[in-house]
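Enquirer: Sharing a structure, written as structure tokens. Questions coming.
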Amino acid sequence: MAIKAVLRMGDPRLFEPSTPVQKFKTAQLNALIQDMRDTMASLNGAGLAAPQIGVNLQVVIFGVQKNPRYPDAQEVPFTILINPKLTPLDDEIEEGWEGCLSVPGMHGLVPRYKRLRYQGVDENGKKIDRKVADFHARVVQHECDHLAGILYPMRIRDMRNFGFTAELFPDEEIEED
Ligand code: NI
């Protein structure tokens, strides 16, 4: 369909809570999902939330393929998650580096639940119910935060751990997500 412009931090639309999807298998929802897939792929992102392209609905997509450059990185299956509900499985919090297509060129160290269950539906209204940990859990929390109007810099505990990717990781090539 189309590659859309990604809203950047400062745009007030990124801070608005999104509303649940009510109707499935509609032309509008299919077009939204295709636009999100095209936009995420064009920017090599790990995930994208509908509000990032200016659509105020509870739709996120995410997925990370095995990359030979990052042999330790966890693979995350490509997922379309609608109307999500997240439940931490315990209290353990882990800090990890995140980037965001709405905060280009920057990274920050963000605390997230290490283990969680996520529930929701896919683009056909079929139930999704998974228990995940580590990077997969982090990606889901990051994307679902967008649906609550939260960008990752708002969760950073120590702002010295927020900065330009090229300054934080001068020797590495780090992909945005
Ligand atoms: Ni993001």
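The values are calculated or read from the model by the stated rules, or taken from the named source; none is laboratory data. Everything numeric in this text was worked out from a predicted model, so none of it was measured. Cβ coordinates were reconstructed from backbone atoms using ideal geometry, including for glycine residues, and neighbour counts include every protein chain displayed. Side chains are part of the model used for accessible areas, which takes the heavy atoms of the whole protein and leaves out ligands, DNA and RNA. Shrake-Rupley method; radii C 1.70, N 1.55, O 1.52, S 1.80 Å.
Enquirer: What share of all Cα pairs of the range 12-168, in percent, falls into each consecutive 5 Å distance bin?
Expert: 2, 9, 18, 22, 23, 16, 7, 3, 1, 0
Enquirer: Sticking with this one: Using alpha-carbon pairs under 8 Å, 6+ residues apart, how would you state the relative contact order of the chain in percent?
Expert: 25
Enquirer: Moving on. Which residue fluctuates most in the GNM of the chain (Cα springs below 10 Å): 50, 31, 148?
Expert: Comparing 50, 31, 148 in a Gaussian network model of the chain, the most mobile one is 31.
Enquirer: Would you mind checking the tilt of helix 27-42 against the longest principal axis of the Cα atoms of the chain, expressed as 0 to 90 degrees and rounded to 10?
Expert: 20
Enquirer: Quick one: pull the percent of accessible area on the chain belonging to carbon and sulfur, 1.4 Å probe, ligands and nucleic acids left out.
Expert: 51
Enquirer: Total Lys pairs in the range 12-168 closer than 22 Å by alpha-carbon, pairs eight or more apart in sequence or interchain only?
Expert: 13
Enquirer: Suppose the Debye formula is applied to equal point scatterers at every Cα of the range 96-177; what is log10 I(q)/I(0) at q = 0.22 Å⁻¹?
Expert: Once normalised to I(0) and log-transformed, intensities are -1.06.
Enquirer: Okay, next question. Given the alpha-carbon gyration tensor of the range 14-87, what are the semi-axes of its equivalent ellipsoid in whole angstrom, ordered largest first, with each equal to the square root of 5 times an eigenvalue?
Expert: In descending order, the three semi-axes are 24, 14, 12 Å.
Enquirer: Could you work out the longest stretch of the chain that avoids the GluC sites (Glu not before Pro) located in DSSP loops with at most 16 other Cβ atoms within 10 Å?
Expert: Counting at most 16 other Cβ atoms within 10 Å as exposed, the longest clean stretch of the chain is 93-171.
Enquirer: Relative to the longest principal axis of the C-alpha atoms of the chain, give the angle of the C-alpha long axis of helix 134-147, reported between 0 and 90° and rounded to the nearest 10°.
Expert: 60
Enquirer: A further question follows. Excluding ligands, DNA and RNA, what is the solvent-accessible area per residue of the chain at a probe of 1.4 Å, expressed in Å²?
Expert: 54
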